[in-house]
Structures are given as structure tokens and as C-alpha cells.
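Okay, so here's the structure we're looking at.
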Amino acid sequence: MTSPPTARPPPGLPGPPARSFRQWRLHGGGIRNTIANPRLRFVIICGQEVEQQIGHHPGGSLLALAADGTDDKGRIVAAPGRRPRLPNLTADETAHFRAYIEVGDLIGTGGPAVILAAARERGARDPSPAPDPPGRLTVPIQRAVPAHRTNADPAGYLVIYVDSGRQVLVIEHYRNDDLLTAVVEAAKATDGYASVLAAGLVGRLDHAAYLGRELARAEHALHSNARYRQNAAPG
């Protein structure tokens, strides 16, 4: 619960039904984020619940929420915490959490082997995705369309190359009449495109997207000693 979070899930963790390792703070937003993912069907509470020293008991309160829900004031029934209230969570959201999320109790357990065994056991069951939670905003999925020919940017065009001797990316900006107007040198792709955008050297979103793609390729080549050749813009 409040043990230091792991930066990455331990190796061997099963797929989407049980894959999230993080510190937990019990609040309505955390519950709402959990039920928003239909593939997330299990929550395993593990680690040390050190906040019991000041009376919060987030692990015990979450177990109580799964077992008994909340009363009409949003208070978690039979929770051990000092202020186990979720006033911004609706009754329907609480019911959805209790119906479709299985909460496992490993409070006090921090050993990776035990936690992984519990995760594998649940992942092997691989339940079907839960239905959409109440009040969920439906977002339409759009299929990507083939990129069309990139139009000329009134701000000009960019030439990118790698200076491996000095370990920098070089970005040259030219007007559309081929006059060189600026040179930007950067050690990282992010610094390069941020500087180009700040200087107003790109005037179109498709050119900005192209710049980001090419600088990422150039940075990879810089660090891997591979050859970099700038690709033409789409179309």
C-alpha cells in the first residue's frame, strides 16, 4: 500500500487483467480510474500499510469497500480508517466496482514471489472484460487514413543531419527560396524540436510531426552509431 512503488512490474507478471503495481491512495478518483479500464478485473493489496499510524488504513478500507460498499453519505461501511469517505463516488460506480473488481488481501506481504503467484493465479483466469461503467463517456474510435502529400510550409523547410564527431543533431532551416536562415544544434531530439518550435521555424502541424519523427530517428542513429539519412516528408 505505502511501500515504495516499483518503477516497473516484476518480470513474469501476467497480462492486462492483473498488471498494475503502484502506491494506492483511497479516493473516488482512484476507484473511478480502476473501473474505467474494462480489462482491469483484479486489485491485489500488498505491502505495508504504514499509514495506520495516523489512522487512515487505505488497505483495510478498500477491502471493506469491496465487501460492504458505502452508506448514503459515502462512508465505507465497516472501514477501519479514520475518514473512509468517498463522497464524490456515485452509488452506481461503487456497485460496479464491487461487481466486477476482485480485491485480494495481501496486506503486510512485500515478497515478490508471493505477490507474483497471486497475480499469476488471477491472470490465468482471464475473465472477459467488464461492461462499461455507469456514466462512462463513449469515445469513438477513428481508423487512421493514409498520409497525404505534405504541403509546403510557408515558414520554410528543414535539413537534419547527425554530427557524430561532436555528438550533436544539427537542424538547418531554409526559406523556400533555399536561403539558410538558422542552425540549431541539440544533444537530444526533444531539445531540438522544442528549440525549432520556439524559434517559429515551423508553421504547420504536419511539418512539426515530421520534425519530431526525423529527430527521433536521428537521435537513435547518433547513439547507436548507425547511419542516418533524412526521409522525405509523406506523399
In nm², what is the average projected area of the convex hull enclosing the Cα atoms of the range 84-235? 16.9
By how many nm would the segment from Asn88 to Gln48 lengthen if fully extended, with 0.36 nm per residue of separation less the alpha-carbon distance? 11.7 nm
From the backbone phi of the range 79-94, what are the Karplus-calculated ³J(HN,Hα) couplings (6.51 cos²θ - 1.76 cosθ + 1.60, θ = phi - 60°) in whole Hz, Gly and Pro given as x? 6, x, x, 6, 10, x, 10, 10, x, 9, 9, 6, 4, 5, 5, 4
Lys/Arg +1, Asp/Glu -1 at C-beta; the range 28-162 dipole; positive extreme among Val103, Gly156, Leu65: Gly156
Check: C-alpha center the range 100-144 vs C-alpha center the range 172-213, spacing in Å is 43
Amide proton proximity set for Glu102, modelled H, under 5 Å, gap of 5+: Phe42, Val43
How fast does the range 157-224 diffuse by Stokes-Einstein, in µm²/s, taking the Kirkwood radius from C-alpha pairs at 20 °C and 1.002 mPa s? 180
What list of ³J(HN,Hα) values in whole Hz, one per residue of the range 32-43 in order, does the Karplus curve 6.51 cos²θ - 1.76 cosθ + 1.60 (θ = phi - 60°) give from phi, with Gly and Pro shown as x? 5, 5, 5, 6, 5, 9, x, 8, 8, 10, 9, 10
Label-point separation in nm, Asp177 to Arg120, each point 7 Å along Cα→Cβ: 7.1
Three semi-axes of the equivalent ellipsoid, the range 57-141, Cα gyration tensor, whole Å, largest first: 24, 22, 10
Cβ-Cβ FRET estimate between Ala226 and Lys188, R0 fixed at 22 Å, reported to 0.05: 0.85
Check each of the trypsin sites (Lys or Arg not before Pro) in the range 161-209 and keep only those in coil by DSSP with at most 10 other C-beta atoms within 10 angstrom; list them in order. Arg166
Net charge dipole size for the range 148-235 [Lys, Arg +1 and Asp, Glu -1 on Cβ; Debye, nearest 20]: 260
Phi angles of the range 115-124, converted by Karplus (6.51 cos²θ - 1.76 cosθ + 1.60, θ = phi - 60°) into ³J(HN,Hα) in whole Hz with x for Gly and Pro, give 5, 5, 4, 5, 5, 5, 4, 6, x, 5
Along the positive direction of the dipole of the range 157-224 (beta-carbon charges: Lys, Arg +1; Asp, Glu -1; about the Cα centre), which of Asn176, Ala221, Ala199 reaches farthest? Ala221
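Any read-out appearing in this document is the output of simple, stated calculations on the displayed coordinates, not a laboratory observation. All figures in this text were calculated on a predicted structure; none of them were measured in a lab. Neighbour counts are summed over all protein chains in view; Cβ atoms, including those assigned to glycine, are modelled from backbone coordinates with ideal geometry.
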